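So the structure is just underneath, and the comments pick up after that.
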Amino acid sequence: MLHETVRNVLKGVGDLAGHADTLSNDADLFDAGLSSYGTVEVMIGLENALGVEFPETALTRDSFSSINAIVRVLEGLQKDAAAAGGKAVDANGWPVAGETVQ
Amino acid sequence: MSTIELAPRLSADGFRQELFTRGLLFATGVDGLYGRSATFESLVDAVDRLIGRLSADDKAEIMRFPPIMTRSGFEASGYFKNMPQLVGTVHCFCGDDREHKRVLACTPEEGGWTAAQQPADVVLTPASCYPVYPIIAARGRLPEEGWLVDSSSYCFRREPSIDPARMQMFRQREQVCFGTPERIRAFQSHWMSRALEMFRLMGLPATTDLANDPFFGRPGLLMANGQRSQRLKFEILVPISDPDRLSACGSFNYHVHHFADAYGISGADGEAAHTGCAGFGLERVALALLRQHGFDIEAWPEAVRTTLWPRA
C-alpha cells in the first residue's frame, strides 16, 4: 500500500514525468532524473498525502534514493507513531485520531 | 601545513568598532550596510586585481553587472524557492497624481508611502553569476569546449549582522564555467588549489572545506544534505570576526544541470549543459587581510604588500 502511495506521489513530480510507472521499487531515483528540487516535491507530496512529517534525521538523499528506501523511512515513522500511542490505523497503516467528544 | 600565526582575538563588534574608529568603514545606522573609505577601496581593488592576474590565462569572457538583475532571470533561477530570507526585491511607485497624494497621506499603519509600491521588473542581484546564465542561454548551444565567464557585481543578501564580514551588500568576483561534468569538476578543483595558493600569498591562514548553501526551512535541510552528500559546494575559510567560527571568503560550486534546466543552456550536443562557479567576496577578503595583518596597511609584511601591489 505504501509503495503505491509513494509511486503516486512520484508520478506528480516533473523530473520523473512519464516513467514513474515503470520504475522498479529498487531503481535509483536520482539516476532516473530526480533532482534536489524534485526530492523536496516528493517529501512535501508524501507529507500531504499521509499527514506525516519527515523528521530532520530522515531529510537525507539516501532516504529518497528509491521507492523501497522511501517506504522504509515511512515504515519507521509508522512504528514511531504506533509506539507513541496510536491505536486505530487507516488504510495506509497510519494511526488515525479517535472520536472527538461533541 | 600553514605556519601563519593567527591575529589576536577580537570580537565581531570590537572588530567593527575598530574599522569605524580608524575610518576604514563608515557606519550608516543599519547593520551590514557601510560606506567604504579610500583605503578600504584600494584594498578591495587590489584583491580584485590579484584574482584577475591569477586567472588572466583562463581567457574568460569579462562580464560586469550593476547590482540589479532582471526579475524574470531571478525567478527562473529558483533562488526565492531556496533562500527567500535573503532576497531583496525592487518596488516602484506606478500610480498617478491622485494615488501619489493618497499614499503621502497614508499612516504607517496603512502602509505609509509604500502603500502603492509595485514589484518592478528588476530585483537585487543575489550572486554575480546569476545575470550570466540568461545571456549564455540566449546565445544557443555552447561551443564544443564549453565556455568561461569572469563576472563581477555588487550583491545583496538580507542578513543584517554586527559582524562586519556579513554585509548586506558586497562585491563578488566570480568565474562561471559551462561544459561537461568533467570540465566543471576540474574547474572546481583547480580553483580550490588556486585559491589556497592565493591566500597563502596574502599571508592568510586559509583552509577549504565541504559546505552547503543556507537553504530555507525543512525542505532546505534536505537540499543542504543533498548538496553535501554530492560534494557540490566547497568554501575557502579564514578567521575574521570569530576565531572559533571561520568565515567563508570564497566558494567553489558545481550546480550539475540545475541552471541549464532553469535557463535552457545546451551543450554542443544539445543536452543540458553542466555549470559551476568559483567566486570570492571581495570585502571579506579585504577584512580578513585587515584582521590578520593589522589596520595599518603600510606596516604589513612586504611579501603581502608585493602580492597585492606588485611593482611594475
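Assorted remarks:
- Projecting the Cα positions of B:Gly179, B:Ile297, A:Leu34 onto the charge dipole of the protein assembly as shown (unit charges on Cβ atoms of Lys, Arg, Asp and Glu, taken about the Cα centre) puts B:Ile297 furthest along the positive direction.
- With a cut-off of 18 Å on the backbone N, the residues of the stretch B:241-257 near the modelled label site 7 Å out from B:Lys81 along Cα-Cβ are B:254-257.
- Summed over both chains, the area buried between A and B is near 1300 Å², taken from the accessible surface of protein heavy atoms with a 1.4 Å probe.
- Per-atom-type breakdown for the protein assembly as shown gives carbon and sulfur 53% of the accessible area (1.4 Å probe, protein chains only).
- The stretch B:43-66 versus the stretch B:154-207: alpha-carbon centroid distance in Å: 12
- Applying 1/(1 + (r/R0)^6) with R0 = 60 Å to the Cβ-Cβ distance of A:Lys11 and B:Ser42 gives a FRET efficiency near 0.55.
- Partner shielding of A:54-62 amounts to 4, given as the average count of beta-carbon atoms from other chains within 10 Å of each residue beta-carbon.
- Mean Cα-pair separation over length for the stretch A:2-83, i.e. relative contact order, pairs under 8 Å, 6 or more apart, %: 37
- For peptide B:227-236, the mean count of partner chain Cβ atoms within 10 Å of a residue's Cβ comes to 1.
- Student exercise, the stretch A:2-83 dipole from Lys, Arg, Asp, Glu Cβ charges, in Debye to nearest 20: 100
- Straight-distance crosslink candidates among lysines, where the alpha carbon sits under 28 Å from B:Lys59 and sequence neighbours closer than 8 are dropped: B:Lys233
- Here the relative contact order of the stretch B:112-211, from alpha carbon pairs under 8 Å that lie six or more residues apart, stands at 22 percent.
- Straight-distance crosslink candidates among lysines, where the alpha carbon sits under 29 Å from A:Lys11 and sequence neighbours closer than 8 are dropped: A:Lys79, B:Lys81
- Whole-Hz Karplus values for the stretch B:56-65 come out as 4, 6, 6, 6, 6, 6, 7, 9, 10, 10 Hz, taken residue by residue from phi with 6.51 cos²θ - 1.76 cosθ + 1.60 and θ = phi - 60°; glycine and proline positions read x.
- Over the protein assembly as shown: Kirkwood hydrodynamic radius from C-alpha pairwise inverse distances, Å: 24.3
- At a threshold of 20 Å², the residues of the stretch B:255-290 that become less accessible to a 1.4 Å probe in the full protein assembly than in their chain on its own are B:His258.
- With a Förster radius of 45 Å applied to the beta-carbon distance between B:Ile162 and B:Ala138, the computed FRET efficiency rounds to 0.60.
- Accessible area per residue for the protein assembly as shown is 50 Å², calculated with a 1.4 Å probe on protein heavy atoms, without ligands, DNA or RNA.
- If R0 is 35 Å, the Cβ-Cβ spacing of B:Trp113 and B:Arg245 corresponds to a FRET efficiency of close to 0.30.
- Over the stretch A:2-83: Rg over Rh, Cα atoms, Kirkwood Rh: 0.93
- Overall form of chain B per C-alpha gyration tensor (a/c, 1.5; a/b vs b/c): oblate
- Net charge of Cβ neighbours under 15 Å - reference B:Gly146; Lys, Arg +1; Asp, Glu -1: -3
- Remark: the stretch B:10-24, residue by residue, has Karplus-estimated 3J(HN,Hα) of 7, 5, 4, 5, x, 4, 4, 4, 4, 5, 5, 4, 7, x, 7 Hz, where x stands for each Gly or Pro and the curve is 6.51 cos²θ - 1.76 cosθ + 1.60 at θ = phi - 60°.
- List B:Trp300, B:Trp309, B:Trp113, ordered by accessible area with a 1.4 Å probe, largest first: B:Trp113, B:Trp309, B:Trp300
- Relative contact order [Cα under 8 Å, 6+ residues apart], chain B, whole percent: 22
The values are calculated or read from the model by the stated rules, or taken from the named source; none is laboratory data. All values derive from a computational prediction rather than experimental measurement. When we count neighbours, we look across all protein chains shown, and the Cβ atoms used for this are built from the backbone with ideal geometry, even at glycine. Accessible surface areas use protein heavy atoms only, side chains included; no ligands, DNA or RNA. Shrake-Rupley method; radii C 1.70, N 1.55, O 1.52, S 1.80 Å.
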